[in-house]
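The values are calculated or read from the model by the stated rules, or taken from the named source; none is laboratory data. Predicted, not measured: the structure shown is a model, and the values here were computed from it. Positions of Cβ are backbone-derived with ideal geometry, glycine not excepted, and every protein chain shown enters the neighbour counts. Note: areas computed on protein heavy atoms with side chains; ligands, DNA, RNA excluded. Shrake-Rupley method; radii C 1.70, N 1.55, O 1.52, S 1.80 Å.
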Amino acid sequence: MEERRQINRVDFKANSVIVDKETLEKYYGEVKNVSPLGIAITVDKNTPDIVGRDVIVVAETLIMYADVVRIDKEANATKTIALKARKFTPDVLEYLFEHIAQDVEI
C-alpha cells in the first residue's frame with residue numbers, strides 16, 4: 001500500500017527570534033514557512049553563520065528547538081535560515097524555563 005500523506009511546509013508569516021542556545025545571542029527575523037519538521041526564517045544579511053548550532057525559535061505561538069542546517073543568501077540583502085526541528089529533551093525544557101526571561105523583571 002502506498003503512503004499518500006505528505007508533510008509540506010505552509011506559509012506562516014510571523015515575526016520571530018532565533019536564540020543561540022550556547023551564546024544566548026538573539027537574531028530577529030520573519031518566518032517564511034513552517035512544517036512539523038522544520039522552519040525557514042528570513043533574517044538580515046549581517047546575521048552571522050550559525051549553521052550547525054542548537055537554537056530555540058520563538059514565533060508568535062510557536063516554540064521550536066532546532067538545528068540550523070543551511071543559510072541561503074537572498075537577492076534583497078537578506079538571508080534565509082533553514083532549521084530542522086529537534087525533539088525537546090528534559091534538559092532543554094529546563095534550560096528554557098531557566099533562561100527564557102533572564103533579562104525581564106517580574
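Descriptive notes on the structure:
- Checked against (1) out of contact with any Gly (no Cβ under 7 Å at 6 or more places or on another chain); (2) modelled with pLDDT of 90 or more, Arg4 meets all criteria but (2).
- Of all residues in segment 55-78 being assigned to a strand (DSSP E or B) and open to solvent by 50 Å² or more (accessible area, probe 1.4 Å), the one that is farthest from Tyr95 (Cα to Cα): Lys73
- Qualifying residue in segment 2-16 (condition: touching a residue at least 60 places away in the same chain (Cβ under 8 Å) and of a type outside the set (D, E, K, R)): no
- Residues (open to solvent by 10 Å² or more (accessible area, probe 1.4 Å), under 23 Å from Asn8 (Cα atoms) and part of a strand (DSSP E or B)) located in segment 26-39: Gly29, Glu30, Lys32, Asn33, Val34, Ser35
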